[in-house]
Amino acid sequence: SLVMILALLPTATLAASAAQEDTWDGTVDISWYREGEYDFKITTAEQLAGLAQLVNTGNKFEDKTVSLGSNLNLAGHEWTSIGTGSNAKQYFGGTFDGQHFQIRNLTSKNSTTYYHGLFGVISNGGTVQNLYVVDADLYSNDNSLRMGILADWVNDGTVKNCYTSGTAHNVSGNKLLGGLIGTCTAGSKIIGCSSDAKVISDYYDDGDEYSDCDTVGGIVGQWENATSDAIISDCWFGGSI
């Protein structure tokens, strides 16, 4: 009975969080950010886009916490990932607490940064928790290396109590493709996460057989260079590959 109750918790929580939402108009708002402060609350999709802009221009948010205060609908506008650099620069290194709210209709089909997920790079202690990214629509026909709905790349970071649904679809091959995260490296920790995503890998080259195909996983596409403290635990995948 306990197992059955626990299995129902993600659905129940999602239903409970399906309240009023803010719909994105495609613009960016960074007015909420104050230099020298360490705790921030964002309640609009424009502010979330502002977080992406701040991180992508060099603010790692280290030792800072950003909390989500409402459901957001990204409304199919092309999304620029939060973190479009590497594990050394232009990454998210703070704490993002979704507080069990939803971000709906994340869309990336024409990326110019070679990142596609809500977060591009989470690195060096960065944490994303208690967040639901639902009805995502990611499509890639480029030579980027990674794609995941929540994050393309997590390096020595933590993702816990997060959920994704929607589609991650790659047609170009040579990609690390996951329903939650594209690739994890070093001592990353993925705990209590789940996905109902549809993960689609279309690439096949008759002349080269499997050498250019994707590496695919329901939760994580590929884990590289794991250290002894790396962990994935209490996770489930209920989608399709």
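The values are calculated or read from the model by the stated rules, or taken from the named source; none is laboratory data. Computed from a predicted structure; not experimentally measured. For the accessible areas, the whole protein counts, side chains as well, though only heavy atoms, and no ligand, DNA or RNA atoms are used. Shrake-Rupley method; radii C 1.70, N 1.55, O 1.52, S 1.80 Å.
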Point to revise | Calculated from backbone phi, Karplus (6.51, -1.76, 1.60) coupling profile of the stretch 78-90 in Hz, x at Gly/Pro | key: 4, 9, 9, 4, 7, x, 10, x, 9, 7, 10, 7, 6
Exercise for review: Write down the percent of antiparallel bridges among all DSSP beta bridges whose residues are both part of the chain, to the nearest 5.
Suggested key: 0
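Subtract the Cα-Cα distance of Ser228 and Val171 from 0.36 nm times their separation in residues, and report this length gain in nm to one decimal.
Working: separation 57, 0.36 × 57 = 20.52 nm, distance 3.40 nm.
Working it through step by step, the gained length comes to 17.1 nm.
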Review point. Using alpha-carbon pairs under 8 Å, 6+ residues apart, how would you state the relative contact order of the chain in percent?
Key: 13
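Quote to one decimal, in nm, the extra length available between Thr112 and Gln53 on full extension: 0.36 nm per residue of separation minus the C-alpha distance between them. Before the final figure, lay out the partial values.
Values: separation 59, 0.36 × 59 = 21.24 nm, distance 1.43 nm.
That pair, Thr112 and Gln53, stretches by 19.8 nm at full extension.
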Practice item. Give me the accessible area per residue for the stretch 87-241, probe 1.4 Å, as a whole number in Å². Key: 38
Study note, to complete from the structure: HN-Hα couplings for the stretch 92-104 via Karplus (6.51, -1.76, 1.60; θ = phi - 60°), in whole Hz with x for Gly/Pro, come out as 8, x, x, 10, 10, 10, x, 6, 6, 8, 9, 10, 9
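Convert 37 °C to kelvin, take the viscosity as 0.692 mPa s, use the Kirkwood radius over C-alpha pairs of the chain as Rh, and evaluate the Stokes-Einstein diffusion coefficient in µm²/s, rounded to a whole number.
Working: Rh = 17.6 Å.
It diffuses with D of about 187 µm²/s by this estimate.
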